[in-house]
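To keep things clear, I will list the structure first and then write my remarks on it.
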Amino acid sequence: KQEVTQIPAALSVPEGENLVLNCSFTDSAIYNLQWFRQDPGKGLTSLLLIQSSQREQTSGRLNASLDKSSGRSTLYIAASQPGDSATYLCAVDNAGNMLTFGGGTRLMVKP
Amino acid sequence: NAGVTQTPKFRILKIGQSMTLQCTQDMNHNYMYWYRQDPGMGLKLIYYSVGAGITDKGEVPNGYNVSRSTTEDFPLRLELAAPSQTSVYFCASSYSAGLQPQHFGDGTRLSIL
């Protein structure tokens with residue numbers, strides 16, 4: 001059974017810092033890995049999707065990497081802003097659109 | 001751009017009552033999903049559907065039922081509400097399997113007292 005772990009559970013940084021969120025998974029036979037953002041009281045917004053054959057994906061200030069062999073992914077956020085404050089969720093797709101989620105990292109960016 | 005719409009947004013039920021959580025999407029997606037999210041936890045898959053008339057169980061299906069009579073709608077039914085079903089329920093949809101991200105609704109917050 002796939003298990004997904006996110007470390008740290010919570011993170012507080014001053015505005016402008018570059019930061020890294022970590023995601024690890026136990027079963028490397030994946031279709032893809034996805035990073036989502038969740039704002040309080042809202043649903044999830046897809047940030048980046050990395051196919052199993054890819055090593056990384058970039059969108060603006062966000063860069064996600066994938067190392068299947070070690071069962072790890074990182075989400076890099078450059079020049080963090082207060083508007084980046086949210087919970088970030090990592091999810092792994094093992095069976096073609098059946099996602100297993102990590103517990104999330106709650107990020108606070110202080111002005 | 002409505003996307004995925006869930007109703008109601010909030011609901012309080014008594015133990016043993018039943019209710020249906022509604023989900024509709026206007027993106028012509030074949031795949032639809034129901035998740036639950038408990039406080040401080042990630043999402044867990046309850047049921048999913050790969051098209052009208054086809055549904056299958058996810059990780060935590062006990063106590064729930066679904067149907068998919070149209071491409072747009074995917075209601076989730078709780079027959080005998082129990083306190084353990086207190087959670088936030090999210091509906092999602094996607095166009096293809098494994099290639100496109102899932103699109104989520106804003107959730108239904110359900111309390112069973």
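The values are calculated or read from the model by the stated rules, or taken from the named source; none is laboratory data. None of the values given here were measured: they were computed from a predicted structure. Cβ sites come from the backbone with ideal geometry, for glycine too, and all protein chains shown count toward neighbours. Side chains included, ligands, DNA and RNA excluded: accessible areas come from the protein's heavy atoms. Shrake-Rupley method; radii C 1.70, N 1.55, O 1.52, S 1.80 Å.
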Report task. With label points built 7 Å along Cα→Cβ from the Cα atoms of B:S84 and A:S69, find their separation and express it in nm. Result -> 4.2
Report task. Please find the FRET efficiency linking A:V20 to B:S96, where r is the Cβ-Cβ separation and R0 is fixed at 22 Å, and quote it to the nearest 0.05. Result -> 0.15
Report task. Please build a GNM for chain B, connecting alpha carbons under 10 Å apart, and tell me which residue among B:L13, B:L99, B:L21 fluctuates the most. Result -> B:L99
Query raised in the report: Between A:D39 and A:Y76, what length in nm is gained on full extension when 0.36 nm per residue of separation is reduced by their alpha carbon distance?
Result: 11.5 nm
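Quick one: length gained pulling A:A95 to A:R61 fully straight, 0.36 nm per residue minus the C-alpha distance?
9.3 nm
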Query raised in the report: Equivalent-ellipsoid semi-axes (√(5λ), Cα gyration tensor) for the stretch A:1-55, whole Å, largest first?
Result: 23, 14, 13
Query raised in the report: Tell me, what is the per residue accessible area of the stretch B:1-54 in Å², probe radius 1.4 Å?
Result: 52
Query raised in the report: Accessible area lost on pairing A with B, both sides, 1.4 Å probe, Å² to nearest 100?
Result: 1600
Query raised in the report: In Å², what does the accessible area per residue of the stretch B:55-112 work out to with a 1.4 Å probe?
Result: 43
Query - Cleavage-rule hits, trypsin sites (Lys or Arg not before Pro), the stretch B:1-106, DSSP coil, Cβ neighbours within 10 Å at most 10 - result: B:K14
Query raised in the report: If you take all C-alpha pairs in the stretch B:28-92, what percent of them are over 15 Å apart?
Result: 48
Requested in this report: Can you tell me the relative contact order of chain A? Whole percent, Cα pairs under 8 Å, sequence separation 6 or more.
Outcome: 37
Requested in this report: Report, to the nearest whole %, how much of the accessible area of the protein assembly as shown belongs to carbon and sulfur atoms, 1.4 Å probe, protein only.
Outcome: 50
Report summary line: Here, the stretch A:6-111 modelled as identical Cα point scatterers in vacuum has Debye log10 I(q)/I(0) at q = 0.10, 0.18, 0.20, 0.21 Å⁻¹ of -0.25, -0.81, -0.99, -1.09
Report task. Compute the Cα gyration tensor for the protein assembly as shown, then decide on rounded, prolate or oblate, letting a ≥ b ≥ c be the square roots of its eigenvalues: rounded whenever a/c is under 1.5, prolate when a/b is larger than b/c in the other cases, and oblate in all that remain. Result -> prolate
Query raised in the report: Put a dot 7 Å past each Cα toward the Cβ at B:V50 and A:K110; how far apart are the dots in nm?
Result: 5.0
Query - Alpha-carbon Rg/Rh ratio, for chain B, with Rh computed the Kirkwood way - result: 0.95
Query - 1.4 Å probe accessible area per residue over chain A, in Å² - result: 46
Query - Choice from A:G83, A:G41, A:G71 showing the highest fluctuation, given a GNM over chain A with Cα pairs closer than 10 Å - result: A:G41
